[in-house]
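Written out below as structure tokens is the structure these notes cover.
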Amino acid sequence: MRITKVYTKTGDKGKTRLAGGQEVWKDSLRVEAYGTIDELNATIGVVRALNTEVSDNPPADNPSAKERLEEELRWVQNKLFDIGSLLATAPGQTFKHMPQVTERDVERLEKLIDRCQEDLAPLKEFILPGGGKVSAFLHQARTVCRRAERVCVALSKAEPVDPVIVTFVNRLSDTLFVLARWVSKMQGEPEFLWERHGSGQEG
């Protein structure tokens, strides 16, 4: 695949083409779905950029939290490109070398959650999104992910959508939440709990 020209003028009247050439309106649910996945991918890209600014000096035989986060988020971004490509393909269309999203990908997210949870205390209350820059943007990515999930669910009611895509996006939002907490813990940042009755709780 080679992108030789960024602008084509074919979308100037509010329509775009899916991977198979089908013309659709840019505000269609399918375009909204893969567009929101793209927004999520860009938000995670911001997290990765901020993560490069984190200073740490891990032992040579023990990858740092910074390195682990970079590795996992780079994988996530690649999977989001896979999902975007699948959503940008009209139902029933197949092409050579089409990307895949499988239950194994979902399991990888679940294993990542489980590993991070080993370093975290159980939550006794909802937490306020925030913390350091990396944690805060992971929370931001989580909210975009939830929106992407809602759009994918809406699309699945109107057109065929591989159920594993919805499952992956759902699990990814959980992963981003846990990663936000885990990064805060690894960087020694405070975790502020929701004050239901002005109790001033802080974890």
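The values are calculated or read from the model by the stated rules, or taken from the named source; none is laboratory data. Bear in mind that the values here come from a model prediction, so they are computed numbers and not experimental data. Positions of Cβ are generated from backbone atoms using ideal geometry, with glycine treated the same way; all protein chains shown enter the neighbour counts. For the accessible areas, the whole protein counts, side chains as well, though only heavy atoms, and no ligand, DNA or RNA atoms are used. Shrake-Rupley method; radii C 1.70, N 1.55, O 1.52, S 1.80 Å.
Observations on the model:
- Summed over region 101-114, the residues that are within 18 Å of M186 (Cα to Cα) and exposed (fewer than 13 other Cβ atoms within 10 Å of the Cβ) give a count of 1.
- Qualifying residues in region 116-142 (those that are of a type in the set (A, V, I, L, M, F, W, C) and out of contact with any Gly (no Cβ under 9 Å at 6 or more places or on another chain)) - the one surrounded by the fewest Cβ atoms within 10 Å (Cβ to Cβ): F126
- Test result for L193, open to solvent by less than 60 Å² (accessible area, probe 1.4 Å), at pLDDT 95 or above, out of contact with any His (no Cβ under 6 Å at 6 or more places or on another chain) and not polar (S, T, N, Q): no
- Summed over region 147-181, residues that are within 20 Å of D114 (Cα to Cα) and either open to solvent by 50 Å² or more (accessible area, probe 1.4 Å) or of a type outside the set (V, I, T) (or both) total 11.
- Residue match in region 164-183 (condition: in a loop (DSSP other than H, G, I, E, B), closer than 24 Å to V46 by Cα and β-branched (V, I, T)): no
- Annotation: G45 fulfils all but one of (1) crowded, with 17+ Cβ neighbours inside 10 Å; (2) free of Cβ contacts under 8 Å to residues at least 60 places away in the same chain; the unmet one is (1).
- The residues of region 62-120 that are under 20 Å from T52 (Cβ atoms), among the acidic types (D, E) and free of Cβ contacts under 8 Å to residues at least 40 places away in the same chain, listed by number, are E67, E70, E71.
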